[in-house]
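Written out below as structure tokens is the structure these notes cover.
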Amino acid sequence: MEPHTDATPVPPLDWLPLPRPHAQPEPPTGHTTSTADRGSFCLAVCTCGWSGPARRSRDLARKDAARHTAP
């Protein structure tokens, strides 16, 4: 197979301006917790990145979340 030689040369893409991303909403400054199911386990998760231990009881996961957000 012979190379295609009739193609128009294209300059490298690094000269193109990057598209500006849309404004993202600011993450919440406080802690917002919820529970997440992973198989037969439930764990508390927070918007700050914290996650509690896996529990079989949703009530215990909710208590973990409440302890995390308590001052």
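Near ALA61: Cβ cut-off under 13 Å, other residues only, Lys/Arg at +1 and Asp/Glu at -1. The net charge is +4.
Each other residue within a Cβ distance under 14 Å of ALA44 adds +1 if Lys or Arg and -1 if Asp or Glu, for a net charge of +4.
Any read-out appearing in this document is the output of simple, stated calculations on the displayed coordinates, not a laboratory observation. Small disclaimer: the values here were computed from a predicted structure and weren't measured. When we count neighbours, we look across all protein chains shown, and the Cβ atoms used for this are built from the backbone with ideal geometry, even at glycine.
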